[in-house]
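Enquirer: Below is the structure I would like to discuss, written out as C-alpha cells.
The values are calculated or read from the model by the stated rules, or taken from the named source; none is laboratory data. As the structure is a prediction and not an experimental result, all values here were calculated from the model. In this analysis, Cβ positions are derived from the backbone assuming ideal geometry, glycine residues included, and neighbour counts consider all displayed protein chains.
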Amino acid sequence: MTDILLVEADDCLSKAMAQHLRDHGYDPTIEPDGARAADTILATQPAAVLIDLTPPNRNGFEVCRAVRPHYSGLICMISGHVDDIDQILALELGADDYVSKPISPRVLLARLRALLRRRAMETNCPMCFGELLIDVSAREVTVGGKRIDLTTAEFDLLVVLASHAGQVLERDALLRALRGIDFDGTDRSIDARVSRLRRKLGDGPEPHHIKTVRNRGYLFSRTGWD
C-alpha cells in the first residue's frame with residue numbers, strides 16, 4: 001500500500017482523515033509533532049506527506065523547508081488560513097499542493113490521488129510486476145517478453161490501475177482520471193474496458209490480477225504476475 005504521513009496535531013481530525021485514507025487502500029501514519037515529523041520524513045521517505053501549517057515544535061513551513069532538499073516524495077500543505085501569501089510561500093518552499101480547511105475527506109483523497117497520478121506520469125518510469133512490464137514512456141506493455149497490443153484507452157486504464165497497485169479504485173475515480181467526468185451510476189464503459197484488458201493480459205476467467213471489489217471498483221494486484 002502507498003504510505004502516507006499525516007502531520008496534524010488535531011487528534012479527532014487526524015484520526016478521521018487517516019481512517020478515510022485507510023478505507024481507500026492507503027497506509028497512513030499520524031505524527032502530531034512537527035520536529036518529529038521532519039525526522040520521520042527523512043528516515044522513512046513516504047510516498048506523500050500531508051502537513052498542517054501549525055503542528056507544535058516546528059510549523060509546516062519549517063518542516064517543508066527542512067525536508068524538501070532531501071525528500072523526493074509529494075508534499076501537500078493543509079491550512080485553515082486563506083491568505084494568498086501562505087499559499088505562495090508553501091509552494092515556493094517546494095510543496096506540491098496547498099489545501100485550505102475546512103476540506104472534506106473525499107476532496108482531500110481526490111487531491112492526493114491526482115498528485116500521485118501526476119507524479120507517476122511525470123516520472124514515466126517503467127513499472128514492473130513480475131513478468132508484466134509497463135513502459136510508460138514508450139507506451140508499450142509486455143508479459144514475459146511478449147508484447148501485448150493495447151488500445152490507447154486500454155493502456156491509459158492499465159497505467160492508472162498499476163499506479164495505484166494494491167488500492168481499490170472506485171469507478172468514479174477511474175472515470176475522473178481517464179475522462180475527467182463523474183460516474184453517474186449507469187456508465188459501464190469502465191467495466192467493458194477492464195474486461196478487454198483482462199482478456200489481453202490473460203487474466204481470467206476468475207481474475208486475480210485485476211480484481212473486482214464488489215460495490216466498490218477494481219484492485220490491481222502487485223503480485224501474481226509471474
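Enquirer: Within the stretch 22-40, is even one residue at pLDDT below 90, in a helix (DSSP H, G or I) and touching a Pro at 6+ places or on another chain (Cβ under 7 Å)?
Expert: In the first step, residues of the stretch 22-40 are kept if they are at pLDDT below 90; the result is 22-27.
Subsequent filtering for residues that are in a helix (DSSP H, G or I) retains 22-23.
When the remaining residues are screened for being touching a Pro at 6+ places or on another chain (Cβ under 7 Å), the result is 22.
Within the stretch 22-40 (the criterion being at pLDDT below 90, in a helix (DSSP H, G or I) and touching a Pro at 6+ places or on another chain (Cβ under 7 Å)), the answer is yes, since at least one residue qualifies.
Enquirer: Restricting to the stretch 201-215, give me the number of residues that are over 14 Å from Leu161 (Cα atoms) and among the basic types (Lys, Arg).
Expert: Adding up the residues that qualify gives 1.
Enquirer: If Ala110 passes every condition in (1) surrounded by fewer than 18 Cβ atoms within 10 Å (Cβ to Cβ); (2) more than 23 Å from Ala18 (Cα to Cα); (3) among the hydrophobic types (A, V, I, L, M, F, W, C) but one, which one does it miss?
Expert: (2)
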